[in-house]
Amino acid sequence: MKTAILFASSHGTTKMLAELIAQKLKNTTVDLINLKKIKTPQLAEYNTIIIGCSIHAGNIKSVVKKVFENNLVLLRSKNIALFLCCMNEHQKEAQFNNVFPEWLRKTSICNITPGGEFLFEEMNFIEKAIVRKVSKIDSTVSQIDYAEIDKLVEVINKNSCA
Ligand SMILES: Cc1cc2nc3c(=O)[nH]c(=O)nc-3n(C[C@H](O)[C@H](O)[C@H](O)COP(=O)(O)O)c2cc1C
């Protein structure tokens with residue numbers, strides 16, 4: 001069994017969660033693929049593909065969308081799981097449905113929104129201003145739901161045993 005965890009991260013939270021998932025997976029070899037570095041990953045060899053990204057101003061990075069667009073047929077033949085880091089608790093489901101196309105959400109065996117972090121020390125001036133204005137938050141805060149991560153890991157581990 002081979003698993004790819006594809007991720008794109010601005011300030012490190014999605015990367016950290018992708019690495020955590022990789023540590024917790026059993027009965028599979030795992031490749032962590034940073035989409036900022038490898039923009040067109042070769043996915044044919046993997047049984048399971050986990051895609052993780054974060055939302056910024058309502059959208060995800062185009063490099064992640066390219067993976068869906070370039071692998072329309074291939075992704076339908078794999079075990080897929082999706083996670084979206086976001087800080088707007090009330091909008092998390094709507095945002096998830098907005099950024100991942102319906103066919104992918106329905107193909108996926110586990111969809112999670114594990115929260116996120118505002119890491120002020122990693123933000124530039126404009127990002128800080130946006131976060132202060134929109135969320136009224138002024139300092140670093142972590143709102144990660146680790147139970148969601150465990151849920152995804154459990155689903156993938158059960159699937160790897162089957
Ligand atoms: C400039 C900026 C804009 C953001 N916009 C949104 C947003 O539209 N909706 C949301 O739920 N979270 C938003 N967030 C929160 C991010 O999704 C969260 O910080 C996430 O943990 C970032 O993960 P990353 O460091 O892996 O990119 C925003 C964060 C920043 C810094």
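Working from Cα pairs under 8 Å separated by at least six residues, relative contact order for the chain is 23 percent. Computed over the stretch 67-108, the range of Cα coordinates on each principal axis works out to 33, 17, 14 Å, biggest value leading. Of the peptides 84-97, 8-21, the order by per-residue mean of other Cβ atoms within 10 Å, starting with the highest, comes out as 8-21, 84-97. Remark: the stretch 95-103, residue by residue, has Karplus-estimated 3J(HN,Hα) of 5, 4, 5, 6, 8, 9, x, 4, 4 Hz, where x stands for each Gly or Pro and the curve is 6.51 cos²θ - 1.76 cosθ + 1.60 at θ = phi - 60°. Positive end of the dipole of the stretch 55-162 (Cβ unit charges, origin at the Cα centre): among L75, I149, I126, the Cα lying farthest that way belongs to L75. In this simple spin-label model, placing a label point 7 Å from the Cα along the Cα-to-Cβ direction at both N124 and M16 gives a separation of 2.2 nm. Applying the Kirkwood pairwise sum to the alpha-carbon positions of the stretch 86-127 produces a hydrodynamic radius of 12.2 angstrom.
Radius of gyration (Cα atoms) of the chain, expressed as a multiple of 2.2 N^0.38 Å: 1.01. Does the stretch 58-143 come out rounded, prolate or oblate, given a ≥ b ≥ c as the square roots of the eigenvalues of its C-alpha gyration tensor, rounded meaning a/c under 1.5 and, failing that, prolate meaning a/b above b/c? Prolate, because a/c is 1.5 or more and a/b exceeds b/c. Near S62, within a Cβ-to-Cβ distance under 12 Å, what is the net charge of the other residues, with Lys and Arg +1 and Asp and Glu -1? Surrounding charge for S62 is +4. Rounded to the nearest 20 debye, the dipole magnitude of the stretch 1-104 is 260 debye, with +1 charges on Lys and Arg beta carbons, -1 on Asp and Glu beta carbons, and the Cα centre as origin.
Any read-out appearing in this document is the output of simple, stated calculations on the displayed coordinates, not a laboratory observation. This is a predicted model, so every value here is computed, not measured. We place every Cβ from the backbone using ideal geometry, glycine too, and count neighbours over all the protein chains shown.
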